[in-house]
Amino acid sequence: MVQITLPDGSQRSFDGPVSVGDVAHSIGAGLGRAALAGRVTTKGAEPTLVDTSYVIDQDAELAIITAKDPEGLEIIRHSTAHLLAYAVQELYPDAQVTIGPVIDNGFYYDFAYKRPFTPEDLTAIEKKMAELAKADIPVSREVWDRDEAVAFFKSIGETYKAEIIESIPSGETISLYREGDFIDLCRGPHVPSTGKLKVFKLMKVAGAYWRGDSNNEMLQRIYGTAWATKEDQKAYLTMLEEAEKRDHRRLGRELGLFQFHEDAPGLIYWHPKGWTVWQQVEQYMRKIYQQNGYQEVKAPQILDLSLWKKTGHWDNYSENMFTTESENRVYGLKPMNCPGHVQIFNQGLHSYRELPIRYGEFGQCHRNEPSGSLHGMMRVRGFTQDDGHIFCTEDQLQEECINFTALLQKVYKDFGFTEILYKVATRPEKRIGDDAVWDKAEAALMESLRRTNCEFEIAEGDGAFYGPKIEYTLKDAIGRHWQCGTIQVDFSMPARLGAEYVDANDQRRTPVMLHRAILGSFERFIGILLENYAGALPVWLAPEHAVVCCIAESSADYAKQVADQLKAQGYRVNSDLRGEKITRKIREHSMQKVPYILVVGDKEREAGTVAVRGRGGLDLGVMPLADFADRLQNDIDTRQ
């Protein structure tokens, strides 16, 4: 007798071993048809995702996974990656398959083929995928001996797949999934048949090195997306179309904010208008520092390699660092600001009464990112952080984390972001410090979020090498998620660099160090702002608050006078005195997304007024200049 306990606590008994699929059908025909997999938990074991064909031979807890579950969507996407590989080999038998994982919103599969895939190829492949899905071909799991699997894939010319299997330790289970004439290495689980895969689309082809190593051969990566419903996929594709319109690289070029050039890969040339936006962000964050007990500091750009070795960066991060030499000494161009802040803290011995000490720096960092990973302002080699470090006692740790979360929420709200996701990233395999220290740090972060009533997820193994962290992810206007802020607990680096304070008993203690950033990279955050607002930045951030346009030459002097008066009051205002038609001026400045266009002619000159147009063609009417200045100031003060 096998007893199955369902999520609602109800139980079902079976005379003998029973498959997940049979349990689903016993509950109801609809659930049986919808079942994609199962999550099985047996006594003393962790929950495990399994195929519907998996046979349960002992008492267990079981949850049936359908397309409505997050795990179900991931299984659909993984199975669709296999369907893609199946279709490619049906159409192009010489193509070799390599790896095909699930990614955000979809999947990809890498292929080795004698020629580049074309857009026409993608159309043909997608059509073949639809045919194979319609055929509703069963997908079955097989367990093979490792050496047998290696020999098999070599015999059919799949050298990449054979190499992957050879890298698996001897004695481990090798599972293969078969659908029709196609067989592939995979842990699974997968959908029970190809007919479960109804909504998918191939997106693009890109290059990718085998195993991600630039020394290896270049493969072709086909990206695709897959969803549970047509409505979900349509919404995603619509979001992609909107995201393309909002691409910060295009906006930066069209609005004259910044540029990129091949002579400085991963670095940014800021134009005057773009640098104005930067300065507004920096000045705002400087006030945040001043109002919340941070002392602004500035540490050197390059530091001797011996310091990076002490901190553990050289052992754990050297592949991402730029180095330089002078007078037989090797220096590292800083990828982060923390060692410099510890050195500043170490200048003089601090009392516990001085703690917490909060340092803030707009620190310029450089990281040797692979050229293939660079992406406009979102992934660069040179960037500036709103970086800060808090030195505190263990007793102060909780309150500092709580206060930081509240501060971050305020800052994000001021920039227009109100939806935040919280994630606690725990210890990675490659780390420094003992487990007791990690236990303490992880518990402190989780408790700080509980006390601020923030729901959070756990990201196992995603912490920094020196400590766990909270990751703060904001949601933009079109539903995309951007991880920006972070706070990281570090019990290790202060000790490594000799940071100390004197406690109430005159004993020397090592402070806890909190690494924290709200915006993260200024460059990336400004890119996010541009895309969130589609270039139409809020008035307080806009490079220009207003442009004054004269209708004719007779009102040009008045237009300049208006602009000068507003400039004198501290507003960012320019005048357009060209002899162009007023309709053309309005159109051009509207395309530049200027918040306000002030139109002046002879009537306005004589009355001392301005005709005001807001973004989006909004006619705000004629008003005295003082009234417009009040309106502008209110927009800035309220950050509308």
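The values are calculated or read from the model by the stated rules, or taken from the named source; none is laboratory data. Quick caveat: nothing in here was measured; it's all calculated off a predicted structure. Glycine also receives a Cβ, built like all others from the backbone with ideal geometry; neighbour counts cover every protein chain displayed.
What number of residues in the range 52-70 are closer than 12 Å to TRP227 by Cα and out of contact with any helix residue (DSSP H, G or I) (no Cβ under 7 Å at 6 or more places or on another chain)?
Of the residues in that region, 3 qualify.
So LEU449 fits all but one of (1) in contact (Cβ under 8 Å) with a residue 24 or more places away in the chain; (2) closer than 27 Å to GLN640 by Cα; what number is the exception?
Of the numbered conditions (1) in contact (Cβ under 8 Å) with a residue 24 or more places away in the chain; (2) closer than 27 Å to GLN640 by Cα, the odd one out for LEU449 is (2).
Can you find even one residue in the range 344-363 that is out of contact with any Asp or Glu (no Cβ under 6 Å at 6 or more places or on another chain), surrounded by 18 or more Cβ atoms within 10 Å (Cβ to Cβ) and without any contact (Cβ under 8 Å) to a residue 40 or more places away in the chain?
no
Within the range 343-379, can you find the residues that are in a strand (DSSP E or B) and either within 30 Å of TRP482 (Cα to Cα) or under 27 Å from the mean Cα position of the chain (by Cα) (or both)?
Looking only at the range 343-379, we keep the residues that are in a strand (DSSP E or B), and these are 350-351, 357-366, 375, 379.
Passing the criteria: ILE357, ARG358, TYR359, GLY360, GLU361, PHE362, GLY363, GLN364, CYS365, HIS366, HIS375, ARG379.
Of these, ASP110, ASP104, ASP121, ASP136, which one is in contact with a Ser or Thr (Cβ under 6 Å, 6 or more places away or on another chain), more than 21 Å from SER175 (Cβ to Cβ) and among the acidic types (Asp, Glu)? Don't jump to the end; show me each part of the working.
Numbers: ASP110 fails: more than 21 Å from SER175 (Cβ to Cβ); ASP104 fails: in contact with a Ser or Thr (Cβ under 6 Å, 6 or more places away or on another chain); ASP121 fails: in contact with a Ser or Thr (Cβ under 6 Å, 6 or more places away or on another chain).
The unique qualifying residue is ASP136.
Anything in the range 77-104 that is touching a helix residue (DSSP H, G or I) at 6+ places or on another chain (Cβ under 6 Å) and either in a loop (DSSP other than H, G, I, E, B) or polar (S, T, N, Q) (or both)? List them, or say none.
ALA95, GLN96, THR98, GLY100
Rundown of residues vs (1) closer than 30 Å to GLN220 by Cβ; (2) surrounded by fewer than 18 Cβ atoms within 10 Å (Cβ to Cβ); (3) out of contact with any Cys (no Cβ under 8 Å at 6 or more places or on another chain), yes/no style:
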site: MET1; (1), (2), (3): no, yes, yes
site: ARG12; (1), (2), (3): no, yes, yes
site: ASP15; (1), (2), (3): no, yes, yes
site: GLY21; (1), (2), (3): no, no, yes
site: HIS25; (1), (2), (3): no, yes, yes
site: ALA29; (1), (2), (3): no, yes, yes
site: ALA34; (1), (2), (3): no, yes, yes
site: ALA81; (1), (2), (3): yes, no, yes
site: PRO93; (1), (2), (3): yes, yes, yes
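Within the range 140-184, can you find the residues that are part of a loop (DSSP other than H, G, I, E, B) and either hydrophobic (A, V, I, L, M, F, W, C) or surrounded by 14 or more Cβ atoms within 10 Å (Cβ to Cβ) (or both)? Talk me through it step by step, then tell me what you get.
The initial filter retains those residues of the range 140-184 that are part of a loop (DSSP other than H, G, I, E, B), namely 145, 156-158, 167-173, 180-181.
Answer for the range 140-184, where residues must be part of a loop (DSSP other than H, G, I, E, B) and either hydrophobic (A, V, I, L, M, F, W, C) or surrounded by 14 or more Cβ atoms within 10 Å (Cβ to Cβ) (or both): ILE156, GLU158, ILE168.
Does at least one position in the range 174-193 carry a residue that is over 30 Å from HIS25 (Cα atoms), touching a residue at least 12 places away in the same chain (Cβ under 8 Å) and in contact with a helix residue (DSSP H, G or I) (Cβ under 8 Å, 6 or more places away or on another chain)?
Start the filter on the range 174-193 by keeping residues that are over 30 Å from HIS25 (Cα atoms), which leaves none.
So far as the range 174-193 goes, no, none of its residues is over 30 Å from HIS25 (Cα atoms), touching a residue at least 12 places away in the same chain (Cβ under 8 Å) and in contact with a helix residue (DSSP H, G or I) (Cβ under 8 Å, 6 or more places away or on another chain).
Quick check on the range 376-386. Is at least one of its residues of a type in the set (Gly, Ala, Ser), without any contact (Cβ under 8 Å) to a residue 12 or more places away in the chain and farther than 30 Å from ILE636 by Cβ? Even if it seems obvious, please write down each step before you answer.
If we filter the range 376-386 for residues that are of a type in the set (Gly, Ala, Ser), which is where we start, we get 376, 382.
This time we only want the ones that are without any contact (Cβ under 8 Å) to a residue 12 or more places away in the chain, so: none.
No, there is no match, as no residue in the range 376-386 is of a type in the set (Gly, Ala, Ser), without any contact (Cβ under 8 Å) to a residue 12 or more places away in the chain and farther than 30 Å from ILE636 by Cβ.
Considering only the range 32-51, I want to know if a residue exists there that is farther than 22 Å from ASP184 by Cα, in a strand (DSSP E or B) and in contact with a helix residue (DSSP H, G or I) (Cβ under 9 Å, 6 or more places away or on another chain).
Within the range 32-51 (the criterion being farther than 22 Å from ASP184 by Cα, in a strand (DSSP E or B) and in contact with a helix residue (DSSP H, G or I) (Cβ under 9 Å, 6 or more places away or on another chain)), the answer is yes, since at least one residue qualifies.
What is the residue count in the range 210-242 for residues that are of a type in the set (Asp, Glu), more than 21 Å from ALA67 (Cα to Cα) and without any contact (Cβ under 8 Å) to a residue 40 or more places away in the chain? Outline the logic, then answer.
Our first condition is that a residue be of a type in the set (Asp, Glu); within the range 210-242, this holds for 213, 217, 231-232, 241-242.
Those still in the list that are more than 21 Å from ALA67 (Cα to Cα) too: 213, 217, 241-242.
Those still in the list that are without any contact (Cβ under 8 Å) to a residue 40 or more places away in the chain too: 213, 241.
Residues meeting the conditions: 2.
Has the range 229-242 got any residue that is within 30 Å of LYS114 (Cβ to Cβ) and not in a helix (DSSP H, G or I)? I'd like the intermediate steps shown before the answer.
Keep residues of the range 229-242 that are within 30 Å of LYS114 (Cβ to Cβ), which gives none.
Within the range 229-242, none of the residues are within 30 Å of LYS114 (Cβ to Cβ) and not in a helix (DSSP H, G or I).
Answer with yes or no whether GLN640 is polar (S, T, N, Q), at pLDDT below 95 and closer than 30 Å to TYR412 by Cα.
Numbers: polar (S, T, N, Q): yes; at pLDDT below 95: yes; closer than 30 Å to TYR412 by Cα: yes.
When the stated conditions are applied, GLN640 passes them.
If only one of ARG286, ARG367 is under 21 Å from GLU523 (Cβ atoms), crowded, with 18+ Cβ neighbours inside 10 Å and among the charged types (D, E, K, R), which one is it? Spell out how you get there, then give the answer.
Numbers: ARG286 fails: crowded, with 18+ Cβ neighbours inside 10 Å.
The conditions single out ARG367.
Filter the range 296-325 down to residues that are of a type outside the set (Gly, Ala, Ser), touching a strand residue (DSSP E or B) at 6+ places or on another chain (Cβ under 8 Å) and not in a helix (DSSP H, G or I), then give me how many there are.
12
Is the range 508-527 home to any residue that is in contact (Cβ under 8 Å) with a residue 60 or more places away in the chain, surrounded by fewer than 20 Cβ atoms within 10 Å (Cβ to Cβ) and part of a loop (DSSP other than H, G, I, E, B)?
no
Restricting attention to the range 452-493, report how many residues are touching a residue at least 60 places away in the same chain (Cβ under 8 Å), surrounded by 18 or more Cβ atoms within 10 Å (Cβ to Cβ) and among the small types (Gly, Ala, Ser).
Adding up the residues that qualify gives 2.
Would you say PHE345 is aromatic (Phe, Trp, Tyr) and within 14 Å of GLN295 (Cα to Cα)?
Working: aromatic (Phe, Trp, Tyr): yes; within 14 Å of GLN295 (Cα to Cα): yes.
Here the answer is yes, as PHE345 does meet what is asked.
Within the range 395-446, can you find the residues that are under 24 Å from ASP637 (Cα atoms) and β-branched (Val, Ile, Thr)?
THR405, VAL411, THR418, ILE420
Which one of GLY157, GLY188 is over 32 Å from the mean Cα position of the chain (by Cα) and modelled with pLDDT under 95?
Working: GLY188 fails: over 32 Å from the mean Cα position of the chain (by Cα).
Of the residues listed, the single one that is over 32 Å from the mean Cα position of the chain (by Cα) and modelled with pLDDT under 95 is GLY157.
Which count do you get for residues in the range 380-424 that are in a strand (DSSP E or B) and more than 22 Å from the chain's Cα centre (by Cα)?
Total meeting the criteria: 4.
Residue by residue through the range 607-623, note down the ones that are charged (D, E, K, R) and in contact with a helix residue (DSSP H, G or I) (Cβ under 9 Å, 6 or more places away or on another chain). Can you show your working first?
We begin by selecting, within the range 607-623, every residue charged (D, E, K, R); these are 613, 615, 619.
Residues satisfying the conditions are ARG613, ARG615.
Just give me the residues in the range 250-264 being among the hydrophobic types (A, V, I, L, M, F, W, C) and part of a loop (DSSP other than H, G, I, E, B), in sequence order.
Kept after step one, since they are among the hydrophobic types (A, V, I, L, M, F, W, C), are these residues of the range 250-264: 251, 255, 257-258, 260, 264.
Within the range 250-264, LEU255, LEU257, PHE260, ALA264 meet the criteria.
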